[in-house]
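Since the structure comes first, as structure tokens, the remarks are kept for the end.
The values are calculated or read from the model by the stated rules, or taken from the named source; none is laboratory data. Owing to the predicted nature of the structure, the values given are computational and were not obtained by experimental measurement. Cβ coordinates were reconstructed from backbone atoms using ideal geometry, including for glycine residues, and neighbour counts include every protein chain displayed.
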Amino acid sequence: MSPRILIMAASARSGSPETQLAGEAMRRLAVTDAVLAQVHAADYPLPVFDGLEGDEAAPQNARLLAGRLTLQDGLVLVTPARCAGAPALLVNQLEWIAASGGEAAFRRLVVALAVVGDPGDAALCAQELRTRLARLGASVVTPTFPVAAEDTTLDREADGALDGWLDAFLDHARALGRHG
């Protein structure tokens, strides 16, 4: 069975390096057997997470994003590194999804993580997200695909590395995907 893959740029800025890399991943995966969908973090705006109490319901966008993730075998997550960590926009979405009962959205979800930013910040961001996603039940593929913040186009070496990274991710999604 073909793996279902969601590609998400964790940036609200159109034309950002994250959006460009997510688009390139979409283009490359389009020639495979994967069933693809693409979203941007800005497609699901959410208020700042401050916890849920009692019968309080999560916002509809949190439930929609959780539902969308539940349908996938894999997630290609392209994010910027901010202040040596994950961007607040992405962390907020992950908190809302988990709080809305969406932990099932991450259980056995295979995640490929690409981080755009200064190498030191990118490494810390990847470590933070790997830990957070693993605690939610996702399987984060190693290694992370790093991209320097100023690189908006891929050189020949990075171009080949992207293909290898996506191939390894697809192999994991086929083998470990929850819908296969």
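When the residues of region 1-15 are filtered to those that are free of Cβ contacts under 8 Å to residues at least 60 places away in the same chain and of a type outside the set (Lys, Arg), the one that is surrounded by the most Cβ atoms within 10 Å (Cβ to Cβ) is Ser2. Could you say whether any residue in region 65-80 is free of Cβ contacts under 8 Å to residues at least 24 places away in the same chain and either aromatic (Phe, Trp, Tyr) or within 25 Å of Val141 (Cβ to Cβ) (or both)? So far as region 65-80 goes, no, none of its residues is free of Cβ contacts under 8 Å to residues at least 24 places away in the same chain and either aromatic (Phe, Trp, Tyr) or within 25 Å of Val141 (Cβ to Cβ) (or both). Restricting region 91-112 to residues that are in contact with a Pro (Cβ under 9 Å, 6 or more places away or on another chain) and part of a helix (DSSP H, G or I) leaves a set whose member that is surrounded by the fewest Cβ atoms within 10 Å (Cβ to Cβ) is Asn92. No other residue among Ala62, Ala114, Ala22, Ala57 is farther than 20 Å from Arg135 by Cβ, touching a Phe, Trp or Tyr at 6+ places or on another chain (Cβ under 6 Å) and modelled with pLDDT under 95 apart from Ala114. Under the condition of being free of Cβ contacts under 8 Å to residues at least 24 places away in the same chain and closer than 24 Å to Gly101 by Cβ, the residues counted in region 16-56 number 8. When region 122-147 is limited to residues that are hydrophobic (A, V, I, L, M, F, W, C), more than 12 Å from the chain's Cα centre (by Cα) and in a helix (DSSP H, G or I), the one that is surrounded by the most Cβ atoms within 10 Å (Cβ to Cβ) turns out to be Cys125. For first residues located in region 86-103 and among the aromatic types (Phe, Trp, Tyr), partners that are surrounded by 22 or more Cβ atoms within 10 Å (Cβ to Cβ) and part of a helix (DSSP H, G or I) and lie 6+ apart or on another chain with Cβ distances below 6 Å form the pairs Trp96/Ala62.
Of the residues that sit in region 31-69 and are within 15 Å of Val91 (Cα to Cα) and among the small types (Gly, Ala, Ser), which one is farthest from the chain's Cα centre (by Cα)? Per the stated criteria, the residue is Gly51.
Do we have any residue at all in region 38-54 that's surrounded by 16 or more Cβ atoms within 10 Å (Cβ to Cβ) and under 16 Å from Val110 (Cα atoms)? Yes, region 38-54 contains a residue that is surrounded by 16 or more Cβ atoms within 10 Å (Cβ to Cβ) and under 16 Å from Val110 (Cα atoms).
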